Every structure is written in C-alpha cells, then in structure tokens.
Amino acid sequence: MITTVFDAAFPPSRIPPGCKAVAGYVGRLNFTPHVWTLPEWQRFSSIPQLPYWVPDLAVAPNLEAAAAVHAVLELGWAPHIADERAVIFDFETASGPADRGWWQECAAAVSAAGFCGVMYGSLSTVLENAAVDVVVAAWDNSAQLLPGQTIHGHQYKAGVAFDGTQIDYSVMDEWLLARAGVGPRH
C-alpha cells in the first residue's frame with residue numbers, strides 16, 4: 001500500500017486534500033530556503049511526519065549525520081526502538097558531489113544514533129551512491145512507486161500551487177511510513 005505525502009519549503013496552513021503524511025525541512029540552515037519551526041510542524045501533528053535534511057557534502061559524514069540527528073532531537077523527535085525513525089537526506093539540492101563512502105559513513109552514523117538514514121534525489125544520484133533506502137525524485141506525474149526493492153518513495157509532482165505556497169507530491173510505502181512519527185514529539 002502506498003500513501004500520498006506532501007512537502008514544501010514553506011509549509012501551507014493546512015493539509016492538502018488526499019495527503020495522509022507530510023515531509024518538511026529540519027535543516028541544514030542556509031542550504032534550504034526555510035527550516036520548519038516547531039509550530040509549523042505542529043500544524044500537521046495529526047498525520048505522519050518525515051524530516052528532510054540537506055547535507056553539506058564538504059563536511060565529514062559523521063559530523064553531518066550528527067548535525068541532522070541533533071536537528072530532529074531539538075524538535076523533540078525521539079528515535080524509534082523497533083523501527084528506526086527516518087531522517088531523509090535531500091541530495092537533490094546538496095552542495096557538491098557525494099560518493100558511496102561518504103553516504104555509507106553518514107548513514108551508519110545516523111543508524112548508530114537510533115535513526116535511519118534515507119537518501120532522496122534523482123534515480124541516478126541514489127543508485128550512484130548505492131543508498132540502501134531511497135526516495136526518488138522523478139517528476140513524471142505518476143503516483144506509483146518506481147521498481148526497486150529499496151525505493152520506498154517517489155516524488156512525482158513538484159511545484160504545485162496550494163494555499164499560498166508551492167508543494168510537492170510523493171507516494172511512500174508502508175516501510176517508510178512506519179519510520180515516521182505522528183507529531184514532532186512522538
């Protein structure tokens with residue numbers, strides 16, 4: 001089963017029709033147009049939430065992982081015990097090229113902190129970096145998951161006007177939604 005998810009740089013005031021989960025930015029400051037505040041996250045406390053982090057690839061991967069984990073902890077997120085809570089790393093807008101070693105070390109450090117690192121980006125980016133768990137950006141207007149055992153999400157439409165802002169639509173599978181939380185403090 002797949003679920004429709006929305007995300008936005010600047011969150012709308014309400015949940016778009018048909019969306020059952022939300023993704024938003026927790027950082028990196030100055031690498032994303034807007035880091036969501038706690039009140040903005042709380043606006044969507046009734047649906048599963050997934051944090052996005054835009055990495056600085058010039059920073060050591062273990063330090064970048066620590067910064068991302070710190071950001072979600074500051075918002076009150078706690079790691080899941082059985083299924084690690086996901087932190088999605090946005091490689092679509094990341095600075096500079098990454099390599100497999102950088103991502104593997106970053107994902108391992110995120111996991112050691114009790115979370116699950118998921119890579120978001122174009123299909124070529126996520127495959128090039130051999131990411132284990134991924135959300136693919138492929139704006140083909142098809143609300144279907146792309147084939148592949150580790151593809152847990154597909155951003156299929158971007159830049160849709162809604163409620164005075166621009167939102168993107170994705171579909172995500174049960175595996176990824178199990179690693180979301182309802183409300184930033186759960």
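Just so you know, all these numbers are worked out from the coordinates, no wet-lab data involved. Values in this document were obtained by computation on a predicted structure and should not be read as measured data. Every residue, glycine among them, receives a Cβ derived from its backbone with ideal geometry; neighbour counts consider all protein chains shown.
With a/c under 1.5 counting as rounded, go ahead and sort the range 102-186 into rounded, prolate or oblate using the C-alpha gyration tensor (a ≥ b ≥ c being the square roots of the eigenvalues; past the cut-off, prolate if a/b is larger than b/c, else oblate).
Oblate shape, in that a/c is at least 1.5 and b/c is the bigger or equal ratio.
Can you tell me the relative contact order of the chain? Whole percent, Cα pairs under 8 Å, sequence separation 6 or more.
So the answer I get is 26 percent.
In whole Hz and in residue order, list the ³J(HN,Hα) couplings for the range 114-124 that follow from phi through the Karplus curve 6.51 cos²θ - 1.76 cosθ + 1.60, θ = phi - 60°; x for Gly and Pro.
Result, ordered by residue: x, 10, 10, x, 10, 9, 10, x, 5, 4, 5 Hz.
Count the net charge of all other residues whose Cβ sits under 13 Å from the Cβ of L63, scoring Lys and Arg as +1 and Asp and Glu as -1.
Numbers: positive: R28; negative: D56, E64, E105.
Around L63, the surrounding residues sum to -2.
In nanometres, what is the gap between the two model label sites at L146 and V182, each 7 Å from Cα along Cα-to-Cβ?
3.2 nm
Name the residue farthest towards the positive end of the dipole of the chain from the options V54, V134, Q166, assuming +1 on Cβ of Lys and Arg, -1 on Cβ of Asp and Glu, about the Cα centre.
My answer, from the dipole projection, is Q166.
Counting only DSSP beta bridges with both residues in the chain, what percent are antiparallel, rounded to the nearest 5?
40 percent
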